[in-house]
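For reference, the structure is listed below as structure tokens.
The values are calculated or read from the model by the stated rules, or taken from the named source; none is laboratory data. Just so it is clear, the structure is predicted and the values come from calculations on it, not from any experiment. As a convention, Cβ positions derive from the backbone with ideal geometry for all residues, glycine included, and neighbour counts pool all protein chains shown.
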Amino acid sequence: MLRISLFFIATLAMTPMFAKSKAKAPAVAEVERWGCYEVALVADVPSGQNPFDVQLTATFCSSADTMTVAGFYDGGEAWKVRFMPSAEGDWTYSTSSEIVALDGQCGTFRCIAPSANNHGPVMVDSTGLHFCYADGTRYWPIGTTSYDWMHASSDPSVSVADAGLTMQQQTLKSLAESGFTKIRSLLLPQNFNPKYPEPDEYPFERKADGTWDWTRLNPRYFDHVEACTRALADIGIEQDLILFHPYDGGRWGFSAMPIEAGRLLCRYVGARMSSQRNVWWSLANEYDLVKEQPAEAWDAWTDAIIAADPYRHLVSIHSYTAQYYSYWDERYTHCSIQDQAPVEDFGRAAIVRNIYRKPVVFDEVLYEGDLDVRWGNLSGQEELFRMYQALIAGTYCTHSECYLLGDVDGQGFRYNFLAVGGKWQGTMWARTKFLKQLLDDLPQPMYLVDSSWDPHTSAAGPGYYMVYLGKEVADQWRFDLPTRNGRNPAYPKIAEGERFQVEIIDTWNMTITPCPTIFEAVAQDNYRTIDRQNRAVRLPQQPYLMLRIKKI
């Protein structure tokens, strides 16, 4: 006889099962807005049927919304449907499936207000050029990368974690100590070193002959990915999940999977994980190096992950160096670009934004580290410089570091954060909290107000300017701003007689020093405004300075 069990899991608001109080349990289960409500079912898999072919959905209804979401097979006799409610109030649900025991199961729950650190999923804001959370709170993508951190060996003998921590726990500890708000991670394991241990689990089941069964997935593999993603949400970090990549090297053959297997993977991951609010979808890292796949695979898999995600999380795709993709395709919410050239000097990044008219994230601009390769030996100062070059142009930049650690167990393998996570070894990461605070203080995101003529000066709201001096070392900065405050958005021009205060921000040493002079605006010509007395700001003759200028 088929057995049925229904229960809920509210990922952010659970009532202890064995509370000492004698108070009665609430009659209606509660889950916070943008939390995860889970319906769990137990039913035998019909004889001879592939459970990953079974159709299971649930329709959730409230007075504000109705949404149908796909369920999934979770191994054994377990089936689940997960839902992220977007509106507070009472909800009902009803399941539908060709398996009798999974069909017509009904229930109710109540969506309550979100907790303080729950702002909902990240989306593109109303300008179409930046990001915000679902509740309207500004989101700044201060990103880093650790490709295989979720799949790093759990063997403590091959670890650079503190005593008592697994590699995953050490990575989370490192991230929590930083100001990063996003991490790029691989869904499928990476073969970055042939001596590195095999992963604990694999995404697909094996056949009797040892080859992969591309029609059957391993739910336990995805349990772990989900647990890592939830742990990131707990510390306020978005999971930019890379679905496919070329770094298999023939070890497992995942990069050569059939297109239909990729569709199955997208459908399954979407059903399992789209209810987690901190997920982004990156179709691939360096998609054009996945030589085993035809061009049509990327369209098929893009369509599959979008169809499997009823919440429309952010979606992009990443290519090899300077191989720009068709990001104006409406399926892609933002640009995820590998190219260091736009952030190596002033004004270049703004050109990319002006072409695509979407949020631009330079997700790979070379890395801080000591590798003997051209892409992995930036200094911390250079990495930070590139991040500010992106920001001043109204775009964003992603970091990572790859300082090699010592040989492990004489096996010839050396760790670095980019590959497997662990402890920070570099210097740039320690500046990210200061950077985030500077961004949080902005009334609006930055953009170059006169980019063709002045690539140093951005506006961040009416009467609010940021001037980045970068590597320039000078003893003074003459007060001199563009009169026109941009076209889109168009803030008021500087008027004669307006007064301004200037602060000197040392982005590397993380200090803010007020300038005692109050500057009074007067037109120099139709385009530039200077101080009435032609005064200047005294500078400490150091690189990596930024000036914050506010109208009084």
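Pairing residues of segment 160-172 that are more than 15 Å from His224 (Cα to Cα) with residues that are part of a helix (DSSP H, G or I) and modelled with pLDDT under 90, at Cβ distances under 9 Å and at least 6 apart in sequence or on separate chains, gives Val160/Met167; Ala161/Met167. Note on segment 27-71: among residues that are within 22 Å of Val100 (Cα to Cα) and among the aromatic types (Phe, Trp, Tyr), the one that is surrounded by the most Cβ atoms within 10 Å (Cβ to Cβ) is Phe60. Condition first: under 25 Å from Val360 (Cβ atoms), surrounded by fewer than 19 Cβ atoms within 10 Å (Cβ to Cβ) and either touching a Phe, Trp or Tyr at 6+ places or on another chain (Cβ under 6 Å) or of a type in the set (S, T, N, Q) (or both). Can you find one or more residues in segment 255-269 that meet it? Within segment 255-269, not a single residue is under 25 Å from Val360 (Cβ atoms), surrounded by fewer than 19 Cβ atoms within 10 Å (Cβ to Cβ) and either touching a Phe, Trp or Tyr at 6+ places or on another chain (Cβ under 6 Å) or of a type in the set (S, T, N, Q) (or both).
Residue check: is Arg220 basic (Lys, Arg), touching a helix residue (DSSP H, G or I) at 6+ places or on another chain (Cβ under 6 Å) and not in a loop (DSSP other than H, G, I, E, B)? Taking the combined requirement at face value, the residue does not satisfy it. Just one of the listed residues (Asp288, Asp303) is part of a helix (DSSP H, G or I), in contact with a Cys (Cβ under 9 Å, 6 or more places away or on another chain) and either modelled with pLDDT of 95 or more or in the same structural domain as Arg82 (by TED's automatic domain parsing) (or both), namely Asp303.
Tell me whether segment 360-379 contains one or more residues that are more than 24 Å from Tyr287 (Cβ to Cβ) and either of a type in the set (Ser, Thr, Tyr) or not assigned by TED's automatic domain parsing to the domain that holds Leu283 (or both). Yes, there is a match, as at least one residue in segment 360-379 is more than 24 Å from Tyr287 (Cβ to Cβ) and either of a type in the set (Ser, Thr, Tyr) or not assigned by TED's automatic domain parsing to the domain that holds Leu283 (or both). Out of Arg374, Arg386, one residue alone is over 22 Å from the mean Cα position of the chain (by Cα) and modelled with pLDDT of 90 or more. It is Arg374.
If you go through segment 63-71 one residue at a time, do you hit one that is over 30 Å from Thr432 (Cα atoms), assigned to a loop (DSSP other than H, G, I, E, B), without any contact (Cβ under 8 Å) to a residue 40 or more places away in the chain and not hydrophobic (A, V, I, L, M, F, W, C)?
Yes, segment 63-71 contains a residue that is over 30 Å from Thr432 (Cα atoms), assigned to a loop (DSSP other than H, G, I, E, B), without any contact (Cβ under 8 Å) to a residue 40 or more places away in the chain and not hydrophobic (A, V, I, L, M, F, W, C).
Looking only at residues of segment 421-465 that are part of a strand (DSSP E or B) and of a type in the set (D, E, K, R), we find that the one that is surrounded by the most Cβ atoms within 10 Å (Cβ to Cβ) is Asp450.
Taking Ala341 as the residue in question, decide whether it is among the hydrophobic types (A, V, I, L, M, F, W, C), touching a Pro at 6+ places or on another chain (Cβ under 6 Å) and under 24 Å from Val449 (Cβ atoms). So Ala341 does not fit the description; no.
So if I check each of Glu364, Glu344, Glu330, which one is modelled with pLDDT of 95 or more, surrounded by fewer than 19 Cβ atoms within 10 Å (Cβ to Cβ) and farther than 30 Å from Phe60 by Cα?
Going through Glu364, Glu344, Glu330 in turn, just one is modelled with pLDDT of 95 or more, surrounded by fewer than 19 Cβ atoms within 10 Å (Cβ to Cβ) and farther than 30 Å from Phe60 by Cα: Glu344.
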